[in-house]
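What follows draws every value from the coordinates through simple rules; no lab data is involved. Please read all numbers here as calculations on a predicted model, not as lab measurements. Counting neighbours? That spans all protein chains shown, and the Cβs are built from the backbone with ideal geometry, glycine included.
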Amino acid sequence: MNNSLKSSVPTDREVILGILNNSEDILNKLYKAYYPMALQFILNNNGDEDDAKDVYQETIIVLYNKIKAGDFELSSKLKTYIYSVCRRTWLKKLSQNSKKAGSITDYEEVFAVEEDVEQHEEKDAAFVKMQSALEHLGEPCKTIIQDFYIHNMSMQDICEKFGYTNTDNAKTQKYKCLQRLKKIFFQP
């Protein structure tokens, strides 16, 4: 019994690899695996079966396009991600149709995903700003910061790379660089 369940619900990894490899089989399994969850949510929140089909189709397209674009990062279970996208899509449709979007019958787990999505968008914006700040930082600070925080180099390696007499001097320089970076980053 457990085996048949496994074959009907693909793993998150199978879904991602399947979509990347244009697997129709995986798309069909994905569609069947989580549709009942989307249907239940929409039926519980002022929708009907046609609404559920539309929203679920849009959700799968969003997921498909994100995976194909190569910018899909799964920070939760795929099921939770799909539920979250369905929920956001349906709430948007409800507000556009000015139906009562009042009390939404919901899974609690989705709030964490919604926060994840918002945080991810905020992080993206901050990352772009940080890249710009790094560009304005100049050398050797830019390289020291990148080596330590992005390339995970040790202070010993940085010390040797830049010719500092000891790691304490390298740490002091890194600290000064961070202070300068903060000033640039937090400029209005």
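Things to note:
- For the residue pairs 68/174; 66/92; 68/161; 53/129; 68/171, the alpha carbons lie more than 30 Å apart in 68/174; 68/161; 53/129; 68/171.
- Taking 0.36 nm per residue of separation and subtracting the current Cα-Cα distance, fully stretching the chain between residue 168 and residue 40 would add 40.1 nm.
- Gain in span if fully extended, residue 152 to residue 175, counting 0.36 nm per residue against the direct Cα distance: 6.7 nm
- A simple spin-label model places the labels of residue 61 and residue 49 2.2 nm from each other, with each point 7 Å out along Cα-to-Cβ.
- Relative packing of 79-88, 173-182, 57-66, which averages over residues the other C-beta atoms within 10 Å, highest first: 79-88, 57-66, 173-182
- Sites residue 184 and residue 161, calculated FRET efficiency, Cβ-Cβ separation with R0 30 Å, nearest 0.05: 0.85
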